[in-house]
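The values are calculated or read from the model by the stated rules, or taken from the named source; none is laboratory data. Not measured: the values here are computed from a predicted model. Neighbour counts are summed over all protein chains in view; Cβ atoms, including those assigned to glycine, are modelled from backbone coordinates with ideal geometry.
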Amino acid sequence: MQKPTSFLKKLNYSWKRSQLPSRRPIQISRIDKLIIFLICVVISIVSSYKILLFPTPKGLDVFSWFLTFVEVLFTCGFLILISRKENPNINSRQILLIISLLLIVQMIKNISGSGLSPLSLVIPPALIISQGMGTITALAWVSIASLSWPDSITNINSNLLVITLICAGVVSVLGGRIRSRAQLLQLSIFVPIGALISQWVLIGKEEYPLVDNQEFLTSSDKFFSDSLLLAIIMLITILFIPIFESIFGLLTKARLLELADKEKPLIRRLSIEAPGTFEHTLLICGLAEEATRMIGGDIDLIKTGSLYHDVGKLHAPNWFIENQDGSRNPHDEIDDPLKSAEVLQAHVDEGLKFARKNRLPKPIANFIPEHQGTLKMGYFLNKAEEKKLMFNESDFRYKGPIPQSKETAILMLADGCEAALRAMDINASDYEALETISKIVNSRQVDGQLSDSDLSKGEIFLIKKSFLNVWKRIRHRRIQYPTTKNNTFS
């Protein structure tokens, strides 16, 4: 009885988490909304106009057309709602991509009739959407594209439609998890093979029995050609995905891993010109990645965002203490807390300039200002108070915005805890380390820095625990090795 009870508790916890208020979607301009609505209207017309061509009583065919028109229009709105619910960062260009793909598919259905297999129409767009916008959005798109058929549904083999739905579902689920181009190529081979075998088993035996060998072989050629066409279109789609990434701002797993390559020019430059900042970045990556894994966040996103969060320090590396050799500090030379505060803010502003210049995706660029939020520059604020200068508190706060996602909030907490944990005595207890972590995290909460991140109390507890676990792993002693003339000990 213990296992069912445990399962029910997990199910209840998952349900409660799904009911938590999610981040507000980004605003879309009125012009973009109008364009999106007009495209949805065109999709509804394309999907329903053939009803008016059937020879039925006038009142009945107009009523049927109107019902189909409203149904398709409603499903388009539902698709947009699902996409914005799954990914609040989705912008108008990406919504236009989703509904434009639906429009293109519906138009091709009308032009080709039942001549083109649903496999080649539905599966390739599902791969694009799942890669760039998520599994749930892709599954919703597949459902609408498969069921909203302009022609009569009786003209399509029901088994073929089921095969299409299953294959498209597999592509939608795996496409959202695939982390390399090589895996995409494997998917483009195995899905068509699976479709070929499924058609042979479910459709071939039904329409062309094995007794009639000649007809069965002829039908097999059609199945093979459909699957081959699907494989070719999927390969072409994979080739065009980088173009879609650039035009529509899609952020795929493969793209994230490419950006995380430490040989990328901006990261390489950071390691050479600001080595202290680079080391600090790597340590933060370890903390943030472990915390994100603990709460089930996007590990690839935070790993890549962490690498780029401090690239703005390249504009003046020696103004930051981790890059100084201890001989001179420019802040001591100017002896002006207000100007020093401007330098600190400049590392955020310059970081955003580097992000635009290097065409970093917006979700990655968001880590640059949000990891600082509107935190106080405590050291220079105290200096200004000691000098009794006239100032506003806002002069010593970063401009923000505060973290807008769980990942950027985790990075803010990791950034604050990293230096404090590294400075702790090696003999410090776990309790002391946890107390230090809790003070930093609680101070961010009290300051309102986490209010827009949607982190629950349970997730914050898990983040603290993960930081402690990382600190325990990296804290270790080194024994003193005996020395000889040859220094051969290791």
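Things to note:
Listed here are the residues, each with its yes/no results for (1) under 26 Å from Phe278 (Cα atoms); (2) surrounded by fewer than 14 Cβ atoms within 10 Å (Cβ to Cβ).
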position: Ala419; (1), (2): yes, no
position: Ala423; (1), (2): yes, yes
position: Tyr431; (1), (2): no, yes
position: Ser438; (1), (2): yes, no
position: Arg444; (1), (2): yes, no
position: Gly448; (1), (2): no, yes
position: Asp452; (1), (2): no, no
position: Lys457; (1), (2): no, yes
position: Leu462; (1), (2): no, no
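- Filtered residues of the stretch 333-361 (kept if more than 24 Å from the chain's Cα centre (by Cα) and outside any helix (DSSP H, G or I)): Asp335, Asp336
The rows are residues; the columns are (1) acidic (Asp, Glu); (2) within 21 Å of His347 (Cβ to Cβ).
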site: Asp395; (1), (2): yes, yes
site: Tyr398; (1), (2): no, yes
site: Pro403; (1), (2): no, yes
site: Ala414; (1), (2): no, yes
site: Cys417; (1), (2): no, yes
site: Ile426; (1), (2): no, no
site: Tyr431; (1), (2): no, no
site: Leu434; (1), (2): no, no
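- Filtered by the rule that a residue be among the charged types (D, E, K, R), part of a loop (DSSP other than H, G, I, E, B) and at pLDDT 90 or above, the stretch 415-451 gives a lone residue, Asp447.
- Only one entry of Ile364, Ile302 meets the criterion of being of a type in the set (A, V, I, L, M), in a helix (DSSP H, G or I), under 22 Å from Ala420 (Cβ atoms) and modelled with pLDDT of 90 or more, and that entry is Ile302.
- Some residue of the stretch 74-84 being part of a helix (DSSP H, G or I) and touching a Pro at 6+ places or on another chain (Cβ under 8 Å): yes
- Scanning the stretch 25-37 for residues that are farther than 18 Å from Ala145 by Cα and surrounded by 11 or more Cβ atoms within 10 Å (Cβ to Cβ), we see that the one that is modelled with the highest pLDDT is Ile35.
- Whichever residue in the stretch 260-304 is within 19 Å of Gly175 (Cβ to Cβ) and hydrophobic (A, V, I, L, M, F, W, C) and, among such residues, is surrounded by the most Cβ atoms within 10 Å (Cβ to Cβ): Leu301
- From Leu187, Leu165, Leu160, residue being over 18 Å from the mean Cα position of the chain (by Cα), part of a helix (DSSP H, G or I), within 25 Å of Phe223 (Cβ to Cβ) and modelled with pLDDT under 90: Leu160
- One residue stands out in the stretch 270-312 among those that are touching a helix residue (DSSP H, G or I) at 6+ places or on another chain (Cβ under 8 Å) and without any contact (Cβ under 8 Å) to a residue 24 or more places away in the chain: the one that is nearest to Gly132 (Cα to Cα), namely Ile299.
- Residues that are of a type in the set (Ser, Thr, Tyr), outside any loop (DSSP other than H, G, I, E, B) and under 21 Å from Ile123 (Cβ atoms) within the stretch 223-281 comprise Ser225, Ser227, Thr237, listed in sequence order.
- In this structure, Pro330 does not satisfy being free of Cβ contacts under 8 Å to residues at least 60 places away in the same chain, surrounded by fewer than 16 Cβ atoms within 10 Å (Cβ to Cβ) and within 21 Å of the chain's Cα centre (by Cα).
- Screening the stretch 372-391 for residues that are more than 38 Å from the chain's Cα centre (by Cα) and assigned to a loop (DSSP other than H, G, I, E, B) and picking the one that is nearest to Ser453 (Cα to Cα) gives Phe391.
- Residue match in the stretch 393-413 (condition: of a type in the set (A, V, I, L, M, F, W, C) and surrounded by fewer than 17 Cβ atoms within 10 Å (Cβ to Cβ)): no
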